[in-house]
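Accompanying notes for the structure given below.
Values quoted throughout were computed directly from the atomic coordinates according to the rules given, and no laboratory measurement underlies them. Owing to the predicted nature of the structure, the values given are computational and were not obtained by experimental measurement. Positions of Cβ are generated from backbone atoms using ideal geometry, with glycine treated the same way; all protein chains shown enter the neighbour counts.
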């Protein structure tokens, strides 16, 4: 029996997975749980230091020393927090004092809700004759005499005050520890960073420094964006409550803004409190329903329209990652972990981009699936998901040009398909499916009236029997290149009579057309071909872009370039060597035949737009 049998290989994979990931992860979770008393204040101070660090740097740019800037920043932030806490505490005390005035409204609302929900059930039970069956249970659950109940309540309340004092003292002690740690972390920030770099032992110092910088900047941007969005949210809610006459509107607006820092659950809790108070003070249900509708509308607007735009440059987390991280950190550290879940997970995701051991966290929780855009296009083309490809492409083209789409997505995806086909990982039918998807996407993105008319006149070409570039050219032109233009205004894209060159040439033509340039396509003249260029064509062409050659076709390519030199002496000859062109050994020979070697379609378009007509 060979050692590489499937069961043994599977056992080896499990062993490596357990040793390289599962065991360290279990140890880390155990350390987080049992070391909560030490790690929680240390982590909270570290996160706060990342938030306050930009303020410290700003004060240092004003001429203050490190110690002075640190103390001033901490004092300023602390005063703002204490002032906000004092105002909210005053509002909360005033609301608590006013609650007895709303007792009758609360009782009335409870009775109305009972009449709608409980009373129909009781009537239904009585109609079915079940009232006698529940008599014993009702009697068993009857309240005790007032004296006994009052005595029990008083006894139960005896240990409440010491318990609250113990909780408050622990909270104040932890706040003091966090404050001290925060000051020392800010004072020793550079030294701590150097020690961390030394401790990690990363061989690439530049990469490690970049990882730390991205982590700090990411958390700072996230908290700043959250503060701005939640402040606006709370202001809108508070203003709306004040406009409809709800007392203590500022308190509930601040509550709504603060609770939004807790992912997903916070706004539900704040909405429940606001709705309950509105039900207590409002005479009917119309105002309560209006407040619920307003809360839902504002939250949906912020969550679906504003936050994706604001957090798009501030957060690198997937939506599902926020929920999972909130569940995990709240289970480990309780309410503090729930509040810190998003910044902690963001730090791990950013670090995973540079630390191989944390890369699985980045793949699972990052905002990208860990695949390049070319890989995503290739996988969707293989599965036939053209709708998703076209949707992503249109979203890309709303921000950038078709030339960039070819450089970043389309050509890398085609290269993956070609590599898999040459390696035998996919067969001809799978390659045909990928080519068909690419053709349909390109035609849908750049095709015009001529493309739609051509598709009705003839059936689509079979990609294994005809050139994809020729198919796109026929779909675009319908057999015509268009009217002649003024002298020097035409860009000619040419290539050898191979499917590779025809396809690349046609894509480049469409990239030029998308940028508003007059571009034409033509096959390169073969040395054995006696066809000559039409009279006057040399005066119309300003630049000729020649498809970058393969090493096997270099001789024919060079002969064709020299013939073009003779026929178009005033035109500039250029070629585009894409990252997909791996024949780097022939670049010197290519450079000797052309005037310019560019590196991308986008660069070719930008260069052509800047070149004046001859």
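Key figures for this structure:
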item	result
Gain upon complete extension [residue 171, residue 385; 0.36 nm per residue less C-alpha separation]	71.6 nm
Neighbour-count order for 441, 107, fewest beta carbons within 10 angstrom listed first	107, 441
Separation of the residue 28 and residue 423 label points, Cα + 7 Å toward Cβ, nm	2.9 nm
Ascending count of other beta-carbon atoms within 10 Å, so fewest first, for 389, 361	361, 389
Where labels lie 7 Å past Cα in the beta-carbon direction, separation of residue 603 and residue 227 in nm	4.2 nm
Ordering of 402-408, 50-56 by burial proxy (mean other Cβ atoms within 10 Å per residue, highest first)	402-408, 50-56
Sequence of 490, 29 once ranked by neighbouring C-beta atoms within 10 Å, starting from the fewest	29, 490
Full-extension gain in nm, residue 67 to residue 90, via 0.36 nm per residue minus C-alpha separation	4.9 nm
Two-site label geometry, residue 591 and residue 566: point separation in nm, points 7 Å out along Cα→Cβ	2.7 nm
Cα gyration tensor shape of the range 41-88, rounded if a/c is under 1.5, else prolate or oblate by comparing a/b with b/c	oblate
Calculated FRET value between residue 300 and residue 81, using beta carbons and R₀ = 41 Å, to 0.05	0.85
